[in-house]
Amino acid sequence: MAESVTSIDRLLNVGSPWQIGDVQLTTGGRRVDIWIVADRGRSWFGRGQRLPSPSESVVWRHSNLCGMPCYIHVPMLAVGQFGDVPWAGDAKIPFTYALRQEILTLLAEGVSFQSVCKLLDLPLTDLWKYKYAFERGQAEEAQGGEAQGGEGGGLPDVEHIVWESLLDGRIEIDVHTLSLKLLITRLRAQFKTINDPGVRQIKVRELHRYFERHRQALGGEIAQLRHHQQSNREITNV
Amino acid sequence: MFSGLLAPAEAATLLASGRSFSVAGDARLLEALPAGNWIGGSIPYFVTEQGGECSRDKVFLSEVPTFGKTPQIRFYARSDLPRIFLDAPENGFSLIIIPAFSQAHADFASNAPEYEDAFMKPLAGWVAGVHLDDLGKVAPVVANGQRKMLSDAAAVVMHVELPPEKSAHIDIVNLFRPGEGSVITFAETGFSAGDCLIDGRPGNLADHLLQTQADTRLPLVADYCGAHINVSIRSIDAAARRVEFYAPVFAGMEYRLAAPMGDYVEGFALAVPAGGHASSAVFSCNCILNYLHCGLEGRRVGALTGPATFGEVAYQLLNQTLVYMTVDG
């Protein structure tokens with residue numbers, strides 16, 4: 001087991017001051033559970049490297065390992081001390097950062113919730129929990145606020161790349177407001193012919209101003225932008 | 001809120017009451033109406049609760065919700081039109097009526113999307129026309145009720161400020177969908193076109209429509225981030241190899257001829273269910289081409305009533321589309 005645990009350490013990129021405490025495959029190899037604990041010389045309240053009991057643990061669903069659903073178990077008291085490592089997550093969200101990145105990438109590509117669940121073998125309820133937390137800003141709070149600049153009401157800052165990405169077509173969102181459909185179409189047409197960064201920024205600011213002005217009517221559109229904003233951040237972090 | 005077709009005497013009583021209205025009717029009738037808080041445009045075609053109707057003897061009144069305030073009404077000459085969104089109230093809406101075939105019509109059609117603050121504030125309206133028997137003989141007109149003046153050159157606009165808790169929303173009902181045919185793109189924006197790209201290859205639109213025996217009652221349709229926007233075909237000049245449109249095609253946009261449509265009334269009932277949000281509209285207008293091509297005369301088309309016009313405005317000029325506005329909050 002010691003040799004295989006070391007291999008999984010490398011596979012998951014688990015390093016000091018953390019290490020794999022245990023790995024368990026369920027009968028039939030349909031699920032893998034991995035416990036991550038403090039490495040030698042580190043302990044919390046004397047618990048040290050002991051595997052935490054279920055009541056002392058937080059469990060995150062991680063990216064599939066060799067096609068099997070993978071669950072990361074960590075001591076509850078250690079949550080928040082892992083940093084942005086891909087196998088970690090937040091207490092209120094059932095997924096690791098790595099899996100969240102996968103989910104957001106698929107959603108950003110327009111894959112439906114049902115299809116994301118099917119592709120990643122996720123329960124729909126967990127995905128809805130994540131979406132709910134995300135839209136309530138809990139995801140941002142858990143990560144210490146808007147890493148790339150944010151403002152009240154969840155509207156990404158005008159400097160954020162998500163606005164330019166919307167105008168150059170790198171990202172798409174479902175728009176329900178006629179005026180916004182027409183505005184984005186016009187700005188995209190202009191963006192194609194504008195190379196000057198200053199002029200492009202004027203167009204970005206125009207779009208941002210529209211969102212500020214109609215913020216109350218654009219809850220769905222803003223939530224999608226925040227998905228893209230989060231996706232962009234997680235890609236940067238991981 | 002009153003909305004319906006009235007005899008001129010009945011309309012005059014309502015217009016003199018101090019309430020605000022958008023009025024559609026024959027130019028001769030508009031000229032005779034009393035001063036008041038109203039704007040008007042010439043057109044004898046209407047979609048009423050009883051069905052489509054052509055009348056030179058009645059006017060259609062749509063009451064405008066102003067919440068006790070007096071609306072600002074003014075003419076916009078061609079050179080003033082770029083200010084239209086800037087002049088609109090911060091929270092409110094604007095209704096516009098533009099005389100067909102005027103310079104203001106051409107300018108608004110080609111440039112409205114580029115006006116300062118376009119799409120930031122709600123703008124709805126229509127293009128005034130004439131009875132089809134009078135095409136080329138009589139100029140469409142618009143009316144400023146406060147000044148009791150008509151114009152065949154300038155657009156008339158009513159700016160309405162809303163209380164902070166209210167907001168206006170404009171939407172469209174377009175039953176046309178892009179067909180399976182070729183993708184057509186144009187190098188220049190304009191009311192007519194000849195040479196273009198057809199599926200990426202140089203071609204000529206007039207030749208293409210004639211060769212494919214296209215049904216030119218169907219519009220060209222472009223996808224604006226999910227909103228289907230029509231450009232209706234006015235005529236084909238085979239000798240000059242050019243096609244005239246009722247609204248400009250825009251350079252770079254991808255157009256397809258619309259797919260054939262079934263019965264408009266049945267399609268409309270599915271698209272706009274009775275009792276839905278659209279049924280609370282305070283303003284709506286539909287296109288004269290839908291009235292004609294879809295056989296609306298004498299047929300009921302849901303709860304959305306108003307003039308059947310020579311063009312519709314929802315922020316920019318549209319064709320073969322129903323436009324409606326709601327005030328929520």
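For the reader, a short list of remarks on this structure follows.
- Each residue in region B:290-314 was checked for being more than 18 Å from B:THR48 (Cβ to Cβ) and either surrounded by fewer than 24 Cβ atoms within 10 Å (Cβ to Cβ) or touching a His at 6+ places or on another chain (Cβ under 6 Å) (or both), and 1 of them qualify.
- On inspection, B:ALA251 qualifies as surrounded by fewer than 22 Cβ atoms within 10 Å (Cβ to Cβ) and outside the structural domain of B:SER55 (by TED's automatic domain parsing).
- For beta carbons closer than 6 Å, sequence separation of 6+ or different chains, a first residue in region A:52-66 that is at positive phi and a second that is at pLDDT below 90, there are no qualifying pairs.
- Looking only at region A:94-115, and only at residues there that are over 10 Å from the mean Cα position of the chain (by Cα) and closer than 15 Å to A:LYS129 by Cβ, the one that is surrounded by the fewest Cβ atoms within 10 Å (Cβ to Cβ): A:PHE113
- Some residue of region B:235-242 being free of Cβ contacts under 8 Å to residues at least 60 places away in the same chain, in a loop (DSSP other than H, G, I, E, B), small (Gly, Ala, Ser) and under 25 Å from B:GLN103 (Cβ atoms): yes
- Top-ranked residue of region A:13-39 - restricted to ones that are under 20 Å from A:ASP121 (Cβ atoms), at pLDDT 85 or above and among the aliphatic types (A, V, I, L, M), ranked as surrounded by the fewest Cβ atoms within 10 Å (Cβ to Cβ): A:VAL23
- Selected residue (only one of A:GLU159, A:GLU164 is buried (at least 18 other Cβ atoms within 10 Å of the Cβ) and more than 10 Å from every other protein chain (Cβ to nearest Cβ)): A:GLU164
- Only one entry of B:ASP207, B:ASP152, B:ASP199 meets the criterion of being surrounded by fewer than 16 Cβ atoms within 10 Å (Cβ to Cβ), more than 14 Å from every other protein chain (Cβ to nearest Cβ) and either touching a Gly at 6+ places or on another chain (Cβ under 8 Å) or modelled with pLDDT of 95 or more (or both), and that entry is B:ASP199.
- Hey, B:GLY194 surrounded by 15 or more Cβ atoms within 10 Å (Cβ to Cβ) and outside the structural domain of B:PRO89 (by TED's automatic domain parsing) or not: yes
- Of all the criteria given as (1) away from chain A (no Cβ under 14 Å); (2) free of Cβ contacts under 8 Å to residues at least 24 places away in the same chain, the one not satisfied by B:PRO307 is (2).
- Considering residues of region A:170-202 that are among the basic types (Lys, Arg) and either within 12 Å of another protein chain (Cβ to nearest Cβ) or farther than 22 Å from B:ALA251 by Cα (or both) only, the residue surrounded by the fewest Cβ atoms within 10 Å (Cβ to Cβ): A:LYS192
- Matching residues in region B:210-230 - criterion: being more than 14 Å from every other protein chain (Cβ to nearest Cβ), more than 26 Å from B:TYR291 (Cβ to Cβ) and assigned to a loop (DSSP other than H, G, I, E, B): B:THR212
- Pairs with Cβ under 9 Å, 6+ apart, first in region B:182-198 and acidic (Asp, Glu), second assigned to a strand (DSSP E or B): B:GLU188/B:VAL249; B:ASP195/B:PRO202; B:ASP195/B:GLY203; B:ASP195/B:ASN204
- Within the option set B:ILE170, B:ILE184, being within 14 Å of another protein chain (Cβ to nearest Cβ) and under 30 Å from B:LEU270 (Cβ atoms) holds for one residue only, B:ILE170.
- Single condition B:GLU114 does not satisfy, out of (1) in contact with a helix residue (DSSP H, G or I) (Cβ under 9 Å, 6 or more places away or on another chain); (2) within 14 Å of chain A (Cβ to nearest Cβ); (3) within 23 Å of B:THR326 (Cα to Cα): (3)
The values are calculated or read from the model by the stated rules, or taken from the named source; none is laboratory data. The structure presented is a predicted model; accordingly, all values stated were derived computationally and were not measured. Quick reminder, even Gly has a Cβ in these numbers, built from the backbone with ideal geometry, and neighbours come from all protein chains shown.
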